[in-house]
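K.L.:
I am attaching a structure below and will ask some questions about it afterwards.
The values are calculated or read from the model by the stated rules, or taken from the named source; none is laboratory data. Treat the numbers as computed from the prediction; the structure is a model and nothing was measured. Note: ideal-geometry Cβ built from the backbone for every residue, glycine included; neighbour counts use all protein chains shown.
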Amino acid sequence: MAQSILITGAAQGIGAEIARTFYQHGYLVGIFDINEIQSQKLAKGLGSRAFAGYLDVSDYDHWQHALKQFVQWAGELNILVNNAGILYSGAFEHTNIQTHHRTIDINVKGVLNGCHAALPYLKQTGFARIINLSSASAIYGQADLSSYSASKFAVRGLTEALDVEWQKYGIRVLDVMPLFVQTTMVKNMDAASIQNMGVNLSPSDVAKQVLKLAQQQDHFFRATHTAIGLKTKVLYQLSNISPQFLNRLSNLMISRRKK
């Protein structure tokens, strides 16, 4: 029996590419998004091993309904990919509080909801894994991306905690940490770090790494976090060995606006 995967925010961008990649490798693929029309279109284009549904990740009741739907169709849930997320940019004080709240509702509460609601299903399978979409913005807080950065730090912390806590169930909880990816989400962003660092990763780069994490056999030394892209790997490694004032200095340089 083919393994199954449920992906949130899967109607477009990184989520859609993850869906295509796993479908090509024989998985039963759940494509869930608030854009149900686009989800259905993608599922139809992929074929009979794809299932589409509506999911607002910030609503726990929606999660329970979506998971029940998917497991009735697929038979079980092996892999959950918490991909759904939003990105707003600009000065913290110039961004209205409702926008900050929406970032937390989707990027943080969405992942919390998914992990909590999916656990009963994941515990019933012989192979279970959660892969969260964190970010290079969770390495050090990013100016002009304050709420987004904070939300990804939360994802990073939750991932670390549950990867330890759910060892008793044989469930690995991992994350990927890409720098900025070529999607509609980063177009016209008002953040110097995006302009200075560039947008060099594609959705395919992320999807390939998620597939690799899903297929790798587990062992005690398997890393919880996976940085994607050379720039992210360098920043991640430097943050682990550099004094805090150097980390702050390097991020000040990255966040400096060009004249």
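K.L.:
I need the full set of residues from the stretch 105-129 which are hydrophobic (A, V, I, L, M, F, W, C) and over 14 Å from Gly157 (Cα atoms), in order please.
P.N.:
Matches in the stretch 105-129: Ile106, Ala117, Ala118, Leu119, Leu122, Phe127, Ala128.
K.L.:
Can you pull out the residues in the stretch 20-47 that are within 21 Å of Asn113 (Cα to Cα) and either within 17 Å of the chain's Cα centre (by Cα) or among the charged types (D, E, K, R) (or both)?
P.N.:
Val29, Gly30, Ile31, Phe32, Asp33, Ile34, Glu36
K.L.:
Which pairs do you get when a residue that is within 16 Å of Leu211 (Cβ to Cβ), found in the stretch 26-39, comes within reach of a residue that is at pLDDT 95 or above and aromatic (Phe, Trp, Tyr), reach meaning Cβ atoms under 6 angstrom, with the pair 6+ apart or on two chains?
P.N.:
Qualifying pairs under 6 Å: Val29/Phe22; Val29/Tyr23; Gly30/Phe51; Gly30/Phe70.
K.L.:
On to the next question. Farther than 19 Å from Lys212 by Cβ, modelled with pLDDT of 95 or more and either of a type in the set (D, E, K, R) or surrounded by 20 or more Cβ atoms within 10 Å (Cβ to Cβ) (or both): does that describe Phe22?
P.N.:
Spelling it out, it is not the case that Phe22 is farther than 19 Å from Lys212 by Cβ, modelled with pLDDT of 95 or more and either of a type in the set (D, E, K, R) or surrounded by 20 or more Cβ atoms within 10 Å (Cβ to Cβ) (or both).
K.L.:
Within the bounds of the stretch 37-50, is there any residue that is within 26 Å of Leu162 (Cα to Cα), assigned to a helix (DSSP H, G or I) and of a type in the set (D, E, K, R)?
P.N.:
No; the residues of the stretch 37-50 include none that is within 26 Å of Leu162 (Cα to Cα), assigned to a helix (DSSP H, G or I) and of a type in the set (D, E, K, R).
K.L.:
Still on this structure, please answer the following. Considering only residues that are of a type in the set (Ser, Thr, Tyr) and assigned to a helix (DSSP H, G or I), look in the stretch 121-140 and name the one that is nearest to Gly90 (Cα to Cα).
P.N.:
Filtering first and then ranking leaves Ser137.
K.L.:
With (1) outside any helix (DSSP H, G or I); (2) within 25 Å of Trp166 (Cα to Cα) as the list, and Ala10 as the residue in question, which single condition is left unmet?
P.N.:
Looking at each condition in turn, Ala10 falls short on (2).
K.L.:
Conditions: (1) crowded, with 21+ Cβ neighbours inside 10 Å; (2) at pLDDT 95 or above. Ala136 meets all but one. Number of the miss?
P.N.:
Only one criterion in (1) crowded, with 21+ Cβ neighbours inside 10 Å; (2) at pLDDT 95 or above is unmet by Ala136, namely (2).
K.L.:
Has the stretch 90-99 got any residue that is surrounded by fewer than 22 Cβ atoms within 10 Å (Cβ to Cβ), of a type outside the set (Gly, Ala, Ser), over 16 Å from Gln3 (Cα atoms) and under 19 Å from the mean Cα position of the chain (by Cα)?
P.N.:
No.
K.L.:
Moving on. Quick one: which residue in Ala143, Ala118, Ala84 is in contact with a strand residue (DSSP E or B) (Cβ under 6 Å, 6 or more places away or on another chain), outside any helix (DSSP H, G or I) and small (Gly, Ala, Ser)?
P.N.:
Going through Ala143, Ala118, Ala84 in turn, the sole match is Ala84.
K.L.:
Kindly list the number of the only condition in (1) outside any loop (DSSP other than H, G, I, E, B); (2) within 25 Å of Phe70 (Cβ to Cβ) that fails for Gly157.
P.N.:
That leaves (2) as the condition not met.
K.L.:
If you check every pair at least six apart or on different chains, which have Cβ atoms under 6 Å apart with a residue in the stretch 72-94 that is more than 26 Å from Ser146 (Cβ to Cβ) and touching a residue at least 60 places away in the same chain (Cβ under 8 Å) first and a residue that is part of a loop (DSSP other than H, G, I, E, B) and not basic (Lys, Arg) second?
P.N.:
Glu76/Thr125; Asn78/Gln3; Asn78/Thr125; Asn78/Phe127
K.L.:
Then there's this: Could you please find all residues in the stretch 205-235 being modelled with pLDDT of 75 or more, over 17 Å from Ile5 (Cβ atoms) and hydrophobic (A, V, I, L, M, F, W, C)?
P.N.:
Selection gives Ala223, Ala227, Ile228.
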